[in-house]
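The values are calculated or read from the model by the stated rules, or taken from the named source; none is laboratory data. Treat the numbers as computed from the prediction; the structure is a model and nothing was measured. Reconstructed Cβ throughout: ideal geometry from the backbone, glycine too, with neighbour counts over all protein chains shown. Surface accessibility is based on the protein's heavy atoms, side chains included, excluding ligands, DNA and RNA. Shrake-Rupley method; radii C 1.70, N 1.55, O 1.52, S 1.80 Å.
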Amino acid sequence: MQVEEFTPSEWQTLDAWKQEYLQDYRQPSWTENLAGRLQKLGEILRLDDILDKIPPQCQTLILIPHRFLHLFPLHALEAKRNNDNSKQYLLDLFPEGVSYVPSCLLLQQLKQRQRPAASAISPWFGIQNPTQDLHYTQVEVEQIKQPFDPNTLILKGQQATKAKLFHPETLAKLAQSEYLHFSCHGSFNAKNPLYSALILAPEIAGETLLNPETNNKDRFVMLRDGRRFDTVTQGLTLREIFAILELPFCRLVGLSACETSLIDASQILDEYIGLPMAFLYAGSLSVISSLWCVDDFATAFLMIRFYQNLPKENNSNVLALQAAQDWFRKVSRDDFLTWLRDDLKLDEDFVVNCKVRLRRSYPKHPFNQPLYWAPFAIIGL
């Protein structure tokens, strides 16, 4: 397949789009303009022209983004294919799934990795709300772990410390697990990517800053409530995932956290450095991760729906996420509440609280906008 190269003018347009997107990030205007910006990105990339060159019998798409395009949800770009006049999201145009890999070399390595057939045990490991400020992680983790019981290990709240995670018994459990799920805060460090981390609990209850005399400010991350965490002493850093974790049986690492797919926008190497890459290097076949600061309410239930879909989609991570995102985009407030009550069997008080939140903060189709479903994608197989 041959596609005309970008002209210098088109590269300038793309770079200007990127700069505006990144400069606006974390501002209210970024959220308001997200859908329109993604539509514009599809036009800049000439996505329709590229798709017209893909044979119609091709039902699977694996994306290996070029340079800073790793930062954006290409699966959520609007496009049409094979002279179809109706615009859809890119992930709708490939029924067998849209996924990402960092490079062709890593894709080849992933395909060569051998995994035993999915066992009836399927050990499952989870980190649940180490900072104790995420209100929906309990229901998320409790729902997700049910099919794996009793073969689960969960580090909850204050138990989810670095010392506990790196205890030999915990590392042995990690090495045996087929699924890892982190429901916590994530932090990407653009100045020093190796300090990017999944935030864990402090070793001493109530203590949120260790080694305050350190001169290395790159180590620290501030949460929305103002608490500061030292990622070296209170986080699972990217460096440690590369150096310590071994995941020979792992099929999926779920990162239900903010910014876990981000990379340094200035990187121009063939393979980027980021949390998904580290977990793939450690042995996992795939990682589900996020491209921006996510809504904790929406994220919890998107993850639950994703795990519900796994057995229905023959344990295909890509198809299970795609089905969850499709449902999420279309579900109404009333149907969502019915799902909570009748399918998840959540207690009535919790459902009522969700109903109040939905009516106060979300439209009739609460999660229709890319803001809620598009940050997540499968990296790997």
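Quick notes on this structure:
- Build a GNM of the chain with springs between Cα atoms under 10 Å apart, and of Leu90, Leu106, Leu77 the one that fluctuates most is Leu106.
- A Gaussian network model of the chain, with springs between Cα atoms under 10 Å, assigns the largest mean-square fluctuation among Gly235, Gly226, Gly126 to Gly226.
- Low-density loop cleavage sites - trypsin sites (Lys or Arg not before Pro) in the stretch 8-39, where at most 11 other Cβ are within 10 Å (DSSP): Arg26
- Span from the the stretch 282-341 Cα centroid across to the the stretch 123-175 one, whole angstrom: 19 Å
- Comparing Pro65, Pro168, Pro193 in a Gaussian network model of the chain (Cα springs below 10 Å), the most mobile by mean-square fluctuation is Pro168.
- Excluding same-chain neighbours fewer than eight residues apart, the lysines reachable from Lys330 by a Cα-Cα span under 22 Å are Lys80, Lys87, Lys312, Lys345, Lys355, Lys364.
- Across the stretch 328-341, rounded Karplus estimates of 3J(HN,Hα) from the backbone phi angles (6.51 cos²θ - 1.76 cosθ + 1.60, θ = phi - 60°) give 4, 5, 9, 5, 8, 4, 5, 5, 5, 5, 5, 4, 4, 7 Hz, Gly and Pro being marked x.
- Accessible area in square angstrom per residue, the chain, 1.4 angstrom probe: 46 Å²
- With all protein chains in place and a 1.4 Å probe, the accessible surface of the chain carries 49 percent carbon and sulfur.
- Spread of Cα-to-Cα distances over 5 Å intervals beginning at zero, given as percent, for the stretch 9-150: 2, 7, 12, 13, 13, 15, 15, 11, 8, 3, 0, 0
- For the stretch 304-353, the mean projected area of the C-alpha convex hull, equal to one quarter of the hull surface, is 3.5 nm².
- Neighbour-limited loop hits for trypsin sites (Lys or Arg not before Pro), the stretch 289-381 (at most 15 other Cβ within 10 Å; DSSP other than H, G, I, E, B): Lys345, Lys364
- Area of Glu142 that stays accessible when all protein chains are in place (1.4 Å probe, Å², to 10): 60 Å²
- Take every pair of alpha-carbon atoms less than 8 Å apart whose residues are at least six positions apart; their mean separation over the length of the chain yields a relative contact order of 17 percent.
- Cα centroids of the stretch 100-118 and the stretch 1-42: 30 Å apart.
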